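One structure is given here, and the rest of the page talks about it.
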Amino acid sequence: MGTNCWVLATGRGAECVVVDPGFDVLDRLREELVEHRLRPAAVVLTHGHADHVWSVTPVCRSGASTSGGIPALLHGDDRYRLTDPLASLSAPLRAMLEQQFGPSARWEEPEDVRELTDDQVLEVAGLSLRVQHAPGHTEGSAVLSLDGVPDVLSGALAGAERVVGTTTSTLLAGDVLFAGSIGRCDLPGGDPAAMERTLRDVVVPMPDDRLVLPGHGPVTTIGRERATNPFLPR
């Protein structure tokens, strides 16, 4: 479903944070972790939709340093979605996804789920991530910002190196903000009025030189979206 799964670390051979491990990501994620000698310390979920959380439990287990595995973290308003990530989908879409990725009856929640709160600073794997509640796409959507920008962006993200070179901080935007668009609000739990407030009060005040790592599609910047994204309030 084209979901971006991001891996954040201070360098090779370090602990890391895995963000939004969705469908069919485990083999590619394992390759990245081995190549860069990274050890998952936590999984952060920007929201609870199935295409962002489907692989959270095996990732948490694979990073286990204790019998319970590593923690999964998401905003409390989306906590209920981990009970069954496919529950809110239409019957045909649910059937299609179950056929491709396995029946939801096999779904298991991570053993250690921790709830994020608005304006929390999450200290993990040597990183400081500021959490901002950003409802609209779902009730518990959140964006996370941190100082600095990545040295490496793996994958075929067109123009990524050029975009990174103009930035000084980073935003994990989930499905709140995309290059040229925003997250849809017509799914269960979506709220157009809440999305409008999120864009006005959370996104627009951010600095232009902030790199945006979205939940789908290519990387961008706040400045580029402020100038060209028709959905951002002016």
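The values are calculated or read from the model by the stated rules, or taken from the named source; none is laboratory data. Everything numeric in this text was worked out from a predicted model, so none of it was measured. So basically every Cβ, Gly included, is an ideal-geometry build from the backbone, and we count neighbours across all protein chains shown. Side chains included, ligands, DNA and RNA excluded: accessible areas come from the protein's heavy atoms. Shrake-Rupley method; radii C 1.70, N 1.55, O 1.52, S 1.80 Å.
Quick check: net charge around V7, other residues with Cβ under 15 Å of its Cβ, Lys/Arg +1 and Asp/Glu -1?
Here the count lands on -2.
Report, in debye and to the nearest 20, how large the dipole of segment 6-228 comes out about its Cα centre when Lys and Arg carry +1 and Asp and Glu carry -1 on their Cβ.
Computed charge dipole of segment 6-228: roughly 320 debye.
Along the Cα→Cβ direction, 7 angstrom out, place labels at E111 and L26. What is the inter-label distance in nm?
Between E111 and L26, the label points sit 1.7 nm apart.
Any chance you could look up the accessible area of C5 with a 1.4 Å probe, heavy atoms only, rounded to 10 Å²?
About 40 Å², rounded to the nearest 10.
With a 1.4 Å probe and every protein chain left in place, work out the accessible area per residue of the chain in Å², rounded to a whole number.
Value returned for the chain: 46 Å² of accessible area per residue.
Tell me, in nm to one decimal, what length is gained between V152 and R200 on full extension, where the rule is 0.36 nm per residue of separation less the Cα-Cα distance?
Using 0.36 nm per residue and subtracting the Cα-Cα distance, I get 14.2 nm.
Using a 7 Å offset from the Cα along the Cα-to-Cβ direction at both A193 and E123, what is the distance between the two label points in nm, to one decimal?
Result for the modelled spin labels: 3.9 nm.
Find the relative contact order for segment 6-228 and round it to a whole percent, using C-alpha pairs within less than 8 Å whose residues are 6+ positions apart.
Answer for segment 6-228 is 16 percent.
Using helices alone, I'd like the mean residue ellipticity at 222 nm for the chain: each DSSP H run of four-plus residues gives -39500 (n - 2.57), total over residue count, nearest 500.
About -5500 deg cm²/dmol.
Given R₀ = 25 Å, what would the calculated FRET efficiency be for R37 paired with R61, taking r from the Cβ atoms and rounding to 0.05?
It comes out at approximately 0.80.
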